[in-house]
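Below is one structure, written out as structure tokens; the observations come after it.
Just so it is clear, none of the values below were taken in a lab; they were calculated from the coordinates. Keep in mind that what you see is a predicted model, and the values were worked out from it rather than measured. Cβ sites come from the backbone with ideal geometry, for glycine too, and all protein chains shown count toward neighbours.
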Amino acid sequence: MIELQDVTKTYNAGEALVYALRDVSLQVAEGEFVAIMGPSGSGKSTLLTILGAMNSPSAGQVTIDGINVYQLGAEWQADFRHEYVGFVFQQLQLLPYLTAQENVLLALAIAKLPKATKIARAREVLAQVGLGGKEGRLPYQLSGGEQGRVAVARALVNRAPLLLADEPTGNLDRATGVQILNLLRALNRTGQTVVMVTHDAHAASCAGRIVNLLDGQIVA
Amino acid sequence: MQLTDIALNSLRRRKGRMIFLVLGLAIGVATVVALVAITDTMQTDIAVKMDEYGANILIVPKASDLSLSYGGVTVASAAYDVGELSLADLDRLQTIPNARNISVVAPKLLGAIPVLRPAEGTVGEQPVLVAGVRFPDELRLKQWWQLDGAEPGGTYDALAGVRLAQALTLHPGATLKLNGQTFRVVGILAENGTQDDDILFIDLAAAQQVMNKPDGISLVEVAALCIACPVEDMVKQISEVLPQARVTALRQAVTLRMETVGQLGRFALAMAAVVTAIGGMVVLTTMLSSVSERRQEIGLFRAMGFRQQHVMRIILSEAALVSMAGGVSGWLAGMSAAVLLMPYLANVTMPVQWNPWWAFGAAGGALVIGLGASIYPAVYAARLDPTIALRSL
């Protein structure tokens, strides 16, 4: 269970105080697929980074599985991200000099697991996203959709209970975007909690629930 | 995939920059190694030459009545016939633990003897100081001696100090009698401002004969190679094997030598400090630049749950690997440079020693510089805000 209570995030822009989020309260149940929609600058990505224990709110409280995330120290927050959160970034953020398998293994670099277990788990998750046999390929040797799948595989490999996706179809053509959305939906059906940020209504329609943000506030 | 794999990958991707960094460190380390190797060789060479240039330990019999002085050091007077040292004592010197540090052992038998000049048919009004010496050892000990004439070759050859020669009108080829034994003056010592100017030097065995002291020795001058040994230790060791003797370190001579040698070492250290500072700056700027380029990657690591210490470990692992490579290659280059340049830089006969421990020292030193200079970039990387870092695309 994810719970945001009266979360506000402000930034200083010179002498002016800019509200990225204002008194946002939200609950996401375990196994839910939530899409956060809104135009550019509405605070979607800020909300996602706050959910991902990466961006401390100016006010309010974030609780995930009963843990008050921002009361943890900085290094504990890192541990929390490692164990609880998988990210799929808008730019995918695959490292171009690593193969698909190595990109996935990156997320296990600090895990205290035997090397063979790490490799087995990376191969398993790549097969799960339909990339079996393409483990040794570099990102440029994969299509856009396949690169997106590698990014999803990397987010899943830690078996984190929460998958956060920031505009996962933003830079993809429609057909490839659909592939990624189908993958997220399939994962959700297996019980994976997914929170996705998007400004694309079609992408949002894949989610079980849509939360609309406008000027840092939930409007529907 | 481990943290070290990430560091290795990063180094492979930035070959040019890392080769530049290795080169920068290697040049710094090579300069220090070359300087240290050259100065070390020069120090050893100078120390050996200086140690051979005069005595630094004096052995005299323990005596209550001291009346004559020699070389600025008061010794037991032969006239009072102390004679507690013997030739057998010289062999005992070779049994001390630091015997290998003994360069020259120069025994002397001193006596005041009236001189008869057969050519003039006169006997000196007062006795002169006669020193029986082993000429090969004495000439090696007193390399500053300049002779007018020849080096003594025969048992009854003599060298006269310049003031004694003037007083007795001695010249190379002159003869004189000591207690009935005829000696031939083969050389006159040039004035050197010491008591040697007033002494007649004859062979030790001949002196023992004419002074009627078979096996007798008045004092022993010892030149010890003391760059690697404290002279006080040797004094103690000699005192133990010669309990009847008073053993004295000529501290002034030793201190002067050590100071001269130490100045060279201090120069090398000063240069090393400058080069170290420059090397550190090269590492600092290169690593900072590398971190700045990798903000996105570091942000990704942090977003995936890498702790700050994990990021620091990655950066410091890279620095360690590069530093080790720079240290070892710098050692090789520095030693090679020292070997090649030594003949042109200094008139040193001693070869540069390839000390393998210096390789560890060079690698260790480079490691300390590399890691020290990378701490700030590593901390900077570790503290990068993951959200800002990810937005830096």
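P(r) for the range B:283-377, from all Cα pairs and a bin width of 10 Å, is 15, 33, 23, 15, 9, 4, 0 %, short bins first. Taken over the Cα atoms of the protein assembly as shown, the convex hull encloses 225 Å³ per residue. Peptides A:19-25, A:46-52 ordered by packing proxy, namely the average of other Cβ atoms within 10 Å per residue, highest first: A:46-52, A:19-25.
Taking only the Cα atoms of the range A:93-145, the ratio Rg/Rh comes out at 0.96, with Rh defined as the Kirkwood radius.
In order along the range B:245-250, phi translates into HN-Hα couplings of 10, 9, 10, 10, 8, 7 Hz, rounded to whole numbers, per the Karplus curve 6.51 cos²θ - 1.76 cosθ + 1.60 with θ = phi - 60° and x for Gly and Pro. Mean partner shielding of peptide A:83-89, defined as the number of other chain Cβ atoms within 10 Å of each residue Cβ, is 3. Close amide-amide hydrogen proximity is noted between A:ILE210 and A:ALA35, each under 5 Å apart and 5 or more residues distant or on a separate chain (H modeled in the peptide plane; Pro and chain starts excluded).
Highest-first packing order for the peptide set B:291-302, B:205-216 is B:291-302, B:205-216, based on the mean count of other beta carbon atoms within 10 Å. For chain A, the longest principal axis of the Cα atoms and the long axis of helix A:74-84 meet at an angle of about 60 degrees. Counting Cβ atoms of other protein chains within 10 Å of each Cβ in B:294-301 and taking the mean gives 3. Across the range A:1-129, Cα-Cα distances exceeding 20 Å account for 56% of all pairs. For the peptide B:304-317, the mean number of other protein chain Cβ atoms found within 10 angstrom of a residue's Cβ is 5. Cα convex hull, the range A:26-99: 143 Å³ per residue, rounded to a whole number. Here the scattering of the range B:125-197 is modelled by Debye summation over its C-alpha atoms, one equal scatterer each and no solvent; at q = 0.11, 0.18, 0.21, 0.27 Å⁻¹ the log10 of I(q)/I(0) is -0.24, -0.67, -0.94, -1.59. When Rg and Dmax are taken over the Cα atoms of chain A, they come to 17.2, 55 Å. Over all other residues within a Cβ to Cβ distance under 12 Å of A:PRO139, the charged ones net out to +2, with Lys and Arg as +1 and Asp and Glu as -1.
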